[in-house]
Each structure stands twice: as C-alpha cells, then as structure tokens.
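Peer 1: So that we are looking at the same thing, I have put the structure below in structure tokens.
What follows is calculated from the coordinates using simple rules that are stated; it is not laboratory data. These numbers were taken from a predicted model, which means no experiment stands behind them. Because the Cβ atoms are built from the backbone with ideal geometry, glycine has one as well, and the counts that use them run over all protein chains shown.
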Amino acid sequence: MQRRPFLLSTAALLAAPSLQAQTAWATTEQAARGQTVVFNAWGGSERINAYLQWAAAELKAAHGIALTHVKLADTAEFVRRVRAEKAAGRQQGSADLVWINGENFLAMKREGLLFGPWAEALPNFALVDVVGKPTTRIDFAEPVEGLEAPWGMAQLTFYVDTARAPRPAPASLAGLLGWATRHPGRFSYPRPPQFIGSTFLKQALTELSSDRGALSRPFTPEAFARLAPPLWAYLDQLHPQLWRGGKQFPASPAAILQMVADGELAMGLTFNPNEPANQIAAKALPATVQAFQFTAGTLGNTHFVAIPFNARAAAGAQVVANFLLSPRAQARKADLQQWGDPTVLAVDRLPPAERALFSSAAVPGLVEAPAPVWPEPHASWVAPLEAEWLRRYGV
C-alpha cells in the first residue's frame with residue numbers, strides 16, 4: 001500500500017502547493033524515513049511528556065521516524081550547549097529539534113546557531129493563523145523569518161479561588177494592588193528569572209509604560225532608565241502585600257498552584273489560559289477556581305520549534321514539525337484532557353471534519369471573558385529587567 005504525505009491534503013485545500021514544493025517535500029519525507037530525531041524540550045509536565053510519547057508513536061507509524069525526547073529544565077542550557085558545539089567546530093550536533101522562543105531564540109538567531117529558513121515551506125504551515133495570531137511570525141518582537149515553526153499559543157492568565165476571595169477579580173494592575181491590599185499574603189509571583197515571574201514583570205512594565213512602542217525595539221539603557229521607574233514604584237507598593245511580605249517568592253508556577261490548592265494562596269498565575277480548567281479536571285484545584293485576564297489585555301506569545309545549525313536529522317526534524325502542526329496533533333494538544341495548549345491554527349478555515357476535532361464542551365475554570373493579547377517586549381529587554389529586579393528585590 002502506497003503511503004501518502006501525512007495530512008498534506010488539508011494544506012492543499014487552503015493553499016495548493018506548487019509541483020516544485022510538493023516534490024521538495026516528498027524528497028524531505030523520503031530522507032526523513034528511518035532517522036532518529038532528538039527533540040530537546042522542557043520535561044517538567046507529565047501531560048506534555050505523555051503528549052510527546054503519543055506523537056512519537058504516530059511519527060514512527062507514519063514516517064518511520066524515532067522521536068527521542070531529551071527533557072530540559074531550562075532551554076538556556078541547550079543554547080549554551082549548541083554555542084559550545086559551534087565553537088568546537090562540531091558539524092554533527094547533539095540535537096535535531098528544540099522547543100524554544102523569546103530570548104533563547106534571539107540568541108540563537110543572532111549567533112547563527114539555527115538551520116534554515118525552513119518553517120514556512122512546511123505543508124501544514126498553510127493552516128497557521130498568521131493574521132489573527134501575528135506572533136506566529138514575530139517572536140518577542142523579533143521577526144521569525146522561517147527559522148522556527150509555531151507550535152502553540154500562550155497568554156498571561158490569573159486564577160482565583162472564589163471560595164476564599166469572592167469576586168470581582170482584579171481587572172488591571174491597579175485592581176491587583178487593591179485586591180492584594182484587601183487579601184494580604186494571598187498572592188505572589190514566581191521569583192525571576194523563572195519565566196512566569198519575568199512575564200509578570202513584563203506585563204507590569206507594559207501596562208505602566210508611557211511608550212509601549214519603545215518596548216518593541218531592542219533594549220537601550222536610555223529607554224530602560226526612562227520607562228522602568230513606574231514598574232519599581234508599583235512593585236514597592238505591591239510587595240509588602242504579597243505572601244511573606246514580598247521578602248520571599250515561590251520558585252515556580254507549580255509551587256504557586258500547589259499553594260492555591262492548599263489554601264495558602266488565593267490567587268495564582270499561569271501562561272496557559274487553559275491550565276486552571278486542566279487542574280480542576282485533574283482534581284488538583286477546587287471547582288471554585290476561576291481563570292481571568294486583565295480587561296485591557298495581557299501579554300501573549302507563540303512558542304515554537306527550531307532546528308539547530310548542526311542537526312544530524314534536519315529532514316526528520318522538519319517532518320516532526322509538520323506533524324506537530326497537523327490538525328490532529330494540534331487538536332489533541334488543545335484538548336483539556338491531554339495538554340490544553342491553545343492552537344496556532346486558523347480553526348475556522350479548516351474543513352468541517354477537522355474543525356470538529358477542536359470542539360469541546362464548557363468546563364469549570366476556563367477564562368470567561370478572554371482579553372486582547374498584548375505583544376511581548378523585544379527579547380533583549382528580558383535580561384536587563386531580570387538583573388535589575390534581582391538587584392532590588394532578590395536578596
């Protein structure tokens with residue numbers, strides 16, 4: 001029985017590829033067969049690890065590819081490793097694909113550590129909602145330029161146990177300060193440079209900024225000196241109202257989630273709008289927890305997969321990335337019972353049968369009124385922001 005390119009028919013319905021593109025992709029698929037693809041990806045979630053095990057089985061069956069998940073604690077470790085491989089002249093590297101975005105992508109792009117461009121040549125890239133979700137082509141204000149393929153969406157989201165802190169939930173940073181003052185010790189954020197903690201800083205910097213356009217441009221000391229003071233003034237007011245008076249900060253979002261579950265905190269935060277609903281379904285949070293976003297907007301971005309410059313299995317990595325963009329893989333990833341990570345696809349443009357894969361019933365804990373997505377500051381702002389936070393509050 002002759003095999004057909006995996007889900008290529010769906011892409012063809014939306015943007016018929018040229019004969020040359022079809023031939024090139026068939027060549028890539030042929031080269032990928034039998035390859036082992038080493039995928040470096042964060043390994044701190046059992047749900048995500050299980051999802052990747054499912055993907056590995058599907059890729060093995062459809063393409064003869066062996067997908068190996070190397071679990072990372074911090075993607076910066078991966079960047080340092082590839083940088084060292086380049087310095088040593090290693091043209092056959094230790095990884096073929098990486099889960100990445102933000103400052104790690106910026107560093108690899110600037111230092112020539114990435115293979116490509118390749119992402120927009122994937123057949124399933126035609127399904128991506130590049131108009132409604134512009135961060136699928138802009139990563140922390142840095143143009144992607146085909147060097148990474150979008151995988152999922154994220155948006156800063158808060159959640160509150162309404163049994164311990166009745167509504168209304170805060171609708172802005174000012175509202176959060178008022179809430180924290182009325183409920184002292186019941187909220188905190190992870191200690192930067194943990195990425196959710198840093199995201200909270202960027203949210204506050206953006207919301208309080210008098211010149212958001214400057215945040216989308218590369219960092220300069222002059223712009224930082226002009227725009228950061230309102231952030232520090234706000235944190236100076238907020239910190240005394242936080243858990244342990246803002247003298248200590250939880251290590252991770254997982255720690256905060258457990259503290260909300262235990263009743264030590266009444267409010268937490270996440271970068272996955274579906275996580276509160278996921279945790280309620282898993283009985284890790286009570287059904288009285290409600291997710292919310294600030295009315296005017298919260299920071300959001302896209303997370304991606306990229307191929308190192310010295311990948312041994314670049315063809316296989318492209319086939320893996322194309323599979324991860326398929327409606328079936330994206331729908332499973334978005335399923336609250338599996339992972340609950342929002343899709344990058346334009347679901348409303350899919351054929352009915354594939355659109356139906358994304359339908360789900362309302363469940364407790366979902367965001368009731370989704371807010372606009374604000375773009376991330378340029379990735380070059382992250383390190384200076386974290387360094388100054390640590391200088392002021394990290395002791």
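Peer 1: Run down the aspartates and glutamates and flag those whose C-alpha is under 17 Å from the C-alpha of K202, throwing out any fewer than 8 positions away in its chain.
Peer 2: Hits, sequence-local ones excluded: E103, D139, E142, D211, D236, E376, E386, E388.
Peer 1: What FRET efficiency comes out for A73 versus R392 if R0 is 30 angstrom and r is the Cβ-Cβ distance? Round to the nearest 0.05. Before the final figure, lay out the partial values.
Peer 2: Working: r = 26 Å, r/R0 = 0.87.
Taking R0 as 30 Å, the efficiency between A73 and R392 is 0.70.
Peer 1: Comparing A84, A32, A41, which has the greatest mean-square fluctuation in the GNM of the chain with Cα pairs linked when under 10 Å apart?
Peer 2: A84
Peer 1: When the chain is modelled as a GNM with alpha-carbon springs shorter than 10 Å, which of P286, P308, P166 fluctuates the most?
Peer 2: P166
Peer 1: Between H183 and R212, what is the label-to-label distance in nm when each label sits 7 Å out along the Cα-to-Cβ direction?
Peer 2: About 2.6 nm separates the two model spin labels.
Peer 1: Give, in nm to one decimal, the length gained when the segment between N49 and E222 is fully stretched (0.36 nm per residue of separation minus the Cα-Cα distance).
Peer 2: Numbers: separation 173, 0.36 × 173 = 62.28 nm, distance 4.28 nm.
Fully extending the segment from N49 to E222 adds 58.0 nm.
Peer 1: What residue among S45, S18, S188 shows peak mean-square fluctuation when the chain is described by a Gaussian network model with Cα springs under 10 Å?
Peer 2: With Cα springs under 10 Å in the chain, the top fluctuation among S45, S18, S188 is at S18.
Peer 1: If amide H atoms are built 1.01 Å from N in the plane of the peptide, which residues on other chains or at least 5 residues away come under 5 Å of the amide H of E376?
Peer 2: Amide H neighbours of E376: F140, A141, G300.
Peer 1: Treating only the Cα positions of the range 245-320 as identical point scatterers, give the base-10 log of I(q)/I(0) from the Debye formula at each q in 0.13, 0.19, 0.22, 0.23 Å⁻¹.
Peer 2: Log-scaled intensity ratios, in q order: -0.61, -0.87, -1.02, -1.08.
Peer 1: Also, I was wondering about something else. Which lysines does K86 reach when only Cα atoms under 29 Å apart count, and residues fewer than 8 places away in its own chain are ignored?
Peer 2: Within the straight-line cut-off, K86 pairs with K71, K109.
Peer 1: Translational diffusion coefficient of the chain at 20 °C, 1.002 mPa s, Stokes-Einstein with Kirkwood Rh over Cα pairs, in µm²/s as a whole number.
Peer 2: 97 µm²/s
Peer 1: Can I ask one more? Just the ratio, please: alpha-carbon radius of gyration of the range 270-368 over 2.2 N^0.38 Å, N its number of residues.
Peer 2: The reported ratio for this selection is 1.28.
Peer 1: Let me ask you something else. Rounded to the nearest 0.05, what FRET efficiency do V131 and A284 have when you use their Cβ-Cβ distance and R0 = 35 Å? Walk me through the numbers before you get to the answer.
Peer 2: Values: r = 36 Å, r/R0 = 1.03.
That pair, V131 with A284, gives E of 0.45.
Peer 1: Label-point separation (nm) for L19 and S172, each offset 7 Å from Cα along Cα-to-Cβ?
Peer 2: 6.1 nm
Peer 1: For all pairs of alpha-carbon atoms in the range 315-395, what percent lies in each bin of width 10 Å, listed from the first bin to the last filled one?
Peer 2: Reading upward from the zero bin: 14, 28, 27, 21, 9, 1.
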